[in-house]
Amino acid sequence: MMDRLTRYDVGRDDLAVILDGQPRYRVDQVWQALNEQCTEPSEWTNLPKALRAELTEALPSALTPITESVSSRGDTVKFLWELAGGERIETVLMLYRDRATVCVSSQAGCAMACGFCATGQAGFTRHLTVGEMVEQIARATARARVAGRRVSNVVYMGMGEPMANEARVWSSVERLHADFGLSARHITISTVGLIPGIRALAQRPLPVNLAVSLHAANDTLRDELVPINRRYPIDALIEACAAYLEVRNRRISFEWAMIDGVNDRDSDAVELAALCRRLRPRAHVNLIPLNPTPGYPTQGSSLRRVHSFRDQLEALGANATVRQNRGTDIDAACGQLAAGQPVQLGRRPGQQPAASTEG
Ligand code: SAH
C-alpha cells in the first residue's frame with residue numbers, strides 16, 4: 001500500500017519544503033501547533049489567512065470525526081473516525097485521577113480472529129499509516145485539554161494487532177516520544193503473541209512496555225481462544241518473552257480476560273502461575289472479567305471469581321492485579337471496539353485468520 005501523506009506523516013524537513021519561501025520561524029510555529037498544541041490549521045490565527053488555507057490543503061487530516069461518545073461517569077471518551085478510504089476505526093481516551101491514557105488503533109479491523117473480541121469478529125481491512133496512528137493521539141490530546149487534562153500514557157490496545165504492523169507502529173512510537181514529549185515508559189504495545197514482533201521490539205532502542213494477551217495457559221485452550229497460538233504456541237511464546245526480558249530490564253504484562261467456566265478454573269490458575277514462574281519475577285498478570293461482545297456467547301467471570309483467581313495466583317507465586325473496566329456502557333472497553341462493523345457470520349473462534357497478517 002502506498003501510504004497517503006497526511007498531516008502527522010510530515011516531519012520537520014517536509015514542513016520546511018511545504019513552507020518554502022515563508023519566513024523561517026514559520027516552520028517552528030506550524031510544527032508546535034501540530035505537535036504541541038495539537039490544533040487544526042483553521043485555528044492557526046497567528047498565520048496569514050491565505051497561508052492557513054494553503055496549509056489546510058497541504059496538510060490534510062487523516063481522520064474525519066464521525067461520533068464522540070462519553071461514558072455516563074464522564075471519564076471515558078470514545079471517538080469513531082472515518083479514514084480516507086471509508087474505513088472506520090475507534091480511539092478511546094481514559095481520564096484517571098493521576099493520568100490520562102489514549103488507547104490507539106493500529107489497524108482497521110484485525111486478522112487475528114480471537115472469537116471473544118469484537119474487532120476479531122469483524123475481520124481485517126487494512127494496516128493504519130503512521131499519520132493515522134499519530135493523529136489519533138493528537139486529537140485525543142486536544143480533547144483532553146478541553147477537560148483540563150494532559151495525555152500522559154498511550155497504549156496500543158485499540159483495534160488491530162500492532163505487531164502485524166510493527167514498522168509503522170514503531171515509527172509512530174518514535175514520533176510520540178520525540179515530538180509529543182511522551183516517555184517510552186508511558187507507552188505500551190500489546191500483542192496477541194506474534195513472536196517476530198516481540199523479537200523486533202527487543203531490538204528497538206526505546207524501552208516501551210510490552211503486554212501479551214495470553215488468556216490461556218495450555219495450547220489446547222489457547223488454540224481455540226487465540227487462533228494464532230497454532231503458529232506461535234505457548235512454549236515458544238514464553239521463550240520469546242524470556243529472551244525479551246534478557247535484553248530489556250522491564251516487566252511483561254500478561255492480559256487475561258476471565259471467561260466464566262472457560263479460563264477461570266483452578267487448573268487455569270495453576271498453569272498460568274507455572275508460566276509466570278518461568279519469568280519470575282518479571283511477569284505481571286492483569287485480570288479483567290470478559291466484556292460482552294455481539295459474537296461471543298459466554299459471559300465474563302463474576303468479580304468474586306476474578307478476585308479469588310487473583311488470590312490463587314498470588315498464593316502460587318505469581319503477581320496479579322484486578323484491573324478496572326472502563327467505558328463498558330459506550331462499548332469502549334477492552335475487546336469491544338468494532339467501529340460499527342458487523343460481525344462476520346460463519347466465522348467461529350478457533351478458525352484460522354482469513355487475511356494475511358503481513359504488510
Ligand atoms: N491485538 C492486540 C491489541 C489489542 S489489545 C492484542 O491482542 O494484544 C485489546 C485487549 O483486550 C487484548 O488483551 C484482548 O485480548 C483483550 N480483549 C479482547 N476481547 C475482549 C473482551 N471481550 N473482554 C475483555 N478483553 C478483551
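Read-outs throughout are calculated quantities, based only on the coordinates presented, and are distinct from any laboratory measurement. Keep in mind the model is a prediction, meaning the values are calculated, not measured. Backbone-built Cβ (ideal geometry, glycine too); neighbour counts: all protein chains shown.
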Quiz item: For the range 6-48, what class follows from the C-alpha gyration tensor (a ≥ b ≥ c being the square roots of its eigenvalues): rounded when a/c is under 1.5, otherwise prolate if a/b is larger than b/c, else oblate?
Solution: oblate
Self-check item: For the range 203-291, projected area of the alpha-carbon convex hull averaged over all directions, nm²
Solution: 6.0 nm²
Quiz prompt | Note, ³J(HN,Hα) from phi for the range 142-148, Karplus 6.51, -1.76, 1.60, rounded to Hz, x at Gly and Pro | solution = 5, 5, 4, 4, 4, 8, x
Quiz item: Can you work out ³J(HN,Hα) from phi for every residue in the range 46-59, in order, using Karplus 6.51 cos²θ - 1.76 cosθ + 1.60 and θ = phi - 60°, giving whole Hz and x for Gly and Pro?
Solution: 7, 9, x, 4, 5, 5, 4, 5, 4, 6, 4, 6, 6, 10
Quiz prompt | Cysteines in the chain lacking a second Cys C-beta under 4.7 Å | solution = Cys38, Cys103, Cys110, Cys241, Cys276, Cys334
Self-check item: CD proxy at 222 nm, helix term only [per DSSP H run n ≥ 4: -39500 (n - 2.57); per residue of the chain; nearest 500]
Solution: -10000 deg cm²/dmol
Self-check item: Farthest positive-ward along the chain dipole, Cα basis, beta-carbon charges - from Asn218, Val130, Ser171
Solution: Asn218
Quiz item: Do you know the relative contact order of the range 7-138, to the nearest whole percent, from alpha carbon pairs under 8 angstrom that are 6+ apart?
Solution: 19 percent
Quiz prompt | Whole-number D in µm²/s for the range 92-184 (Stokes-Einstein; Kirkwood sum over Cα pairs; 20 °C, 1.002 mPa s) | solution = 158 µm²/s
Exercise. Note down the nm distance, to one decimal, between modelled labels 7 Å out along Cα→Cβ at Glu68 and at Ala200.
Key: 3.3 nm
Self-check item: Point-to-point label distance, Glu36-Arg145, nm (Cα→Cβ direction, 7 Å offset)
Solution: 1.1 nm
Self-check item: Of the GluC sites (Glu not before Pro) in the range 1-83, those whose Cβ has at most 14 other Cβ within 10 Å and which sit in DSSP loop
Solution: none
Exercise. Kindly provide log₁₀ I(q)/I(0) values, in the same order as q = 0.20, 0.21 Å⁻¹, from the Debye equation applied to equal alpha-carbon scatterers of the range 103-241.
Key: -1.19, -1.27
Quiz item: Given 37 °C and 0.692 mPa s, how large is the Stokes-Einstein diffusion coefficient of the range 1-107 in µm²/s, with Rh as the Kirkwood radius over Cα pairs?
Solution: 207 µm²/s
Exercise. For Met258, enumerate residues with amide H under 5 Å from its amide H, sequence gap 5+ or separate chain, H modeled in the peptide plane.
Key: Ile288, Leu290, Ser301
Quiz prompt | DSSP-defined beta bridges in the chain - what % are antiparallel, rounded to 5 | solution = 45 percent
Exercise. Translational diffusion coefficient, Stokes-Einstein: compute it for the chain using the Kirkwood radius over C-alpha pairs as Rh, at 4 °C and 1.567 mPa s, and state it as an integer in µm² s⁻¹.
Key: 61 µm²/s
Exercise. Per residue of the range 219-232, in order, report the coupling 6.51 cos²θ - 1.76 cosθ + 1.60 (Karplus, θ = phi - 60°) as ³J(HN,Hα) in whole Hz, putting x for Gly and Pro.
Key: 5, 4, 6, 5, 3, 7, 6, 10, x, 5, 4, 5, 8, 10
Quiz prompt | Sorted peptide list for 285-291, 263-269, criterion being average Cβ within 10 angstrom, highest first | solution = 285-291, 263-269
Practice problem: For Asn319, enumerate residues with amide H under 5 Å from its amide H, sequence gap 5+ or separate chain, H modeled in the peptide plane. | Solution: Val285
